[in-house]
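All remarks here apply to the structure that follows.
The values are calculated or read from the model by the stated rules, or taken from the named source; none is laboratory data. The shown structure was predicted, so the numbers you read here are calculated from the model rather than taken from an experiment. Glycine gets a Cβ as well: all are built from the backbone with ideal geometry, and neighbour counts include every protein chain shown.
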Amino acid sequence: MRRRELLLAGLAGLAARPGQAADAVAAAADGAAPIRTYGIALVGVPRLPPGFPHFPYVNPDAPKGGEVALADLGSFDSFNPFIVRGTAPQSIGRLWDTLMKETADELDTGYAHLAEIIEIAADHSYVAFELREAARFHDGQPVTAEDVVWTFGMLRDKGRPYYRQYYADVDQATAESPRRVVFHFKTTKNRELPMILGELAVLPKHWWQGRDFSAPLTEPPLGSGPYRIGKFEFGRTLAVERVEDYWARDLPTAKGLGNFGVIRTEYFRDATVALQAFKAGQIDYRRENISKVWATEYDFPAVQKGLVRKQAFPSSLPTGMQCFVMNTRRKVFADRRVRHAMAEVFDFEWENKNLFFNLYQRTTSFFSNSDCASSGLPGAAELALLEPYRDSLPPELFKVPFELPVTDGTGNNREGLRRCYTLLQAAGMTIKDRKLVDAAGNQMSFEILLDDPTFERVTLPYVQWLDRMGIAVRVRTVDPAQYQHLTDAFDFDMTINSYGESDSPGNELWDFWGSEASRQEGSDNLAGVADPVVDALIAKVVGANTRDDLVAAARALDRVLLWNWYVVPQWHLQSVWVAWWDRFGHSAVPVRSGVAFDSWWVDPALATKIDAARHNGG
């Protein structure tokens, strides 16, 4: 899921063939003709020229074959990732091709994949995709415009609520011919729609006929992508196998990718057991996201012998927001002052020093590590957007730069506790018999819901600090399937969540923070935000005509979300921690995302050496 803005200024680089650029831009300027292109860059122009041979970070001659074993936590019981019911495996996405293919190294850029040509109306009233004649599903049947229309309809009508939000500005999809599909828009203001629709994973209408799309799927589905389902056991293991006659294998958007013969994912209920499986050589590749584990657990014998490698790959992607989310549907968090108080108690500096080996940075924006992040006081462009709503916004937003509390890291957060109590007193609470109670004498209490025991070590100190304020807090850790069910139904008080963002936020904001999403079970609006001001600012982001307009609107939205204290921000890392048994090859070309694992391959010589060492006990 990517979020973008399409700029007319970038169309000079979008012509389908050399020499068409000037004509396309001229036609766009007078509205006479649509733009026909091989790729879209939503900021600037595509870096790669028409006819590029492959993505720069791949090895086009990478050997194919071999097996890689990965690990995942939790379980899976369905092969349908598009609906609320059931839990699908993450690797299922490898089964279906999309109309366009993104790169791991360019800013909000996609290139034609299933589609051969993307046609954008000069007035942004529609986008058309003309499919490649060679595009095929795994049963040999062609991918048609009718498949695209059917997929779009299923996702919008029966898919997760996210899709209804994401596609809300699409009026209709029409198959004008077997290979040409047109999406007509309700508005010309939503400039990211062509890229959003280019992300559509096209499903085979003929295979799904007679099956209930809204129900969990227990038989391997038909795909069109580089992999198909192999051996599997629900809840335990899943193997996807490389399609040898994959229709797109020689396209520049696929060459050098999908090199593994088999990608096998083993499922674990416990993160510690998954780590031990990696150390034992049962898992080949591991991305680490726990600082303590990264700092202390990767000095085992295989690392010392050079059999396992570890590396922190720098990433320049926006980090988004990881945080404690408060469910404002619950009375306990309905008051903004109470939510603010929760942030005053949290001692990031202590946790970073004592739990994280000072490896993390504090997150202070929902658009962290991008130019959409707010800072200081609102500028003129932001004020123009915020002034009409001044009476509905916290007064501090206009007077004080937003800052999170900072401590000395000793754990003696007296000032934070004092500010917390002041806020809670203003909200009508007081301390009685060492309990924080309301006017009726009821103690403030709530539950923090988790889906991974790993997060208990960062949550329990927070609970202890809240206990000092006389607040009764429970921590409940459930399995991922139950967690999904509870959060889909908004049946929680507080939880930990991550809001991922791209360089160009857009339609996903409706699902994160929109009023309509707050009422739709299964949406990502966990906080229950239902604010007309937020809705208005999201509309400004989505409808921005220029990059400057988008940045100003995103910063204004950022301020409103931050000052309403819907979350307690946590931390981020600007690199990707990876450890792997040294049986792979990969390009040395760096990518913005840090790692592009789909471009790696099994090196036969290295694999033989490492597998022999593992067989002999490492």
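Assorted remarks:
- Residues of segment 562-581 that are surrounded by fewer than 17 Cβ atoms within 10 Å (Cβ to Cβ) and over 22 Å from the mean Cα position of the chain (by Cα): none at all.
- Subset of segment 123-147 [buried (at least 19 other Cβ atoms within 10 Å of the Cβ) and within 23 Å of residue 542 (Cα to Cα)]: 124, 126, 127, 128, 129
- As a summary of the residue check, residue 592 satisfies the conditions (1) basic (Lys, Arg); (2) at pLDDT 95 or above; (3) within 20 Å of the chain's Cα centre (by Cα) except for the one numbered (2).
- Of everything in segment 476-494 that is among the acidic types (Asp, Glu) and buried (at least 16 other Cβ atoms within 10 Å of the Cβ), the residue that is farthest from residue 322 (Cα to Cα) is 488.
For (1) at pLDDT below 95; (2) not charged (D, E, K, R), each residue gets a yes or a no:
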| residue | (1), (2) |
| --- | --- |
| 54 | no, yes |
| 58 | no, yes |
| 61 | no, no |
| 80 | no, yes |
| 91 | yes, yes |
| 94 | no, no |
| 97 | no, no |
| 102 | yes, no |
| 105 | yes, no |
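- Checking each residue in segment 274-300 for being assigned to a helix (DSSP H, G or I) and among the basic types (Lys, Arg) picks out 279, 292.
- Verdict on residue 248 being in contact (Cβ under 8 Å) with a residue 24 or more places away in the chain and more than 26 Å from residue 135 (Cα to Cα): no
- The lone exception for residue 303 - which of (1) in a helix (DSSP H, G or I); (2) among the β-branched types (Val, Ile, Thr); (3) more than 23 Å from residue 578 (Cα to Cα); (4) in contact with a strand residue (DSSP E or B) (Cβ under 8 Å, 6 or more places away or on another chain) it fails: (3)
- Scanning segment 501-533 for residues being over 19 Å from residue 489 (Cα atoms), of a type in the set (A, V, I, L, M) and surrounded by fewer than 24 Cβ atoms within 10 Å (Cβ to Cβ) gives a total of 1.
- Test: residue in segment 377-394 that is within 30 Å of residue 580 (Cβ to Cβ), out of contact with any helix residue (DSSP H, G or I) (no Cβ under 7 Å at 6 or more places or on another chain) and either surrounded by fewer than 18 Cβ atoms within 10 Å (Cβ to Cβ) or not hydrophobic (A, V, I, L, M, F, W, C) (or both): no
- Selection over segment 518-538 of residues that are modelled with pLDDT under 95 and in a helix (DSSP H, G or I) gives a count of 0.
- Considering 544, 554, the condition of being in contact (Cβ under 8 Å) with a residue 60 or more places away in the chain, within 14 Å of residue 381 (Cα to Cα) and in a loop (DSSP other than H, G, I, E, B) is satisfied by 544 alone.
- Some residue of segment 536-557 being farther than 29 Å from residue 124 by Cα and in the same structural domain as residue 448 (by TED's automatic domain parsing): no
- Residues of segment 201-238 satisfying the condition of being aliphatic (A, V, I, L, M), in contact with a helix residue (DSSP H, G or I) (Cβ under 8 Å, 6 or more places away or on another chain) and either farther than 24 Å from residue 131 by Cα or crowded, with 23+ Cβ neighbours inside 10 Å (or both): 202, 203, 229, 238
- Hey, residue 363 more than 21 Å from residue 530 (Cβ to Cβ) and surrounded by 18 or more Cβ atoms within 10 Å (Cβ to Cβ) or not: yes
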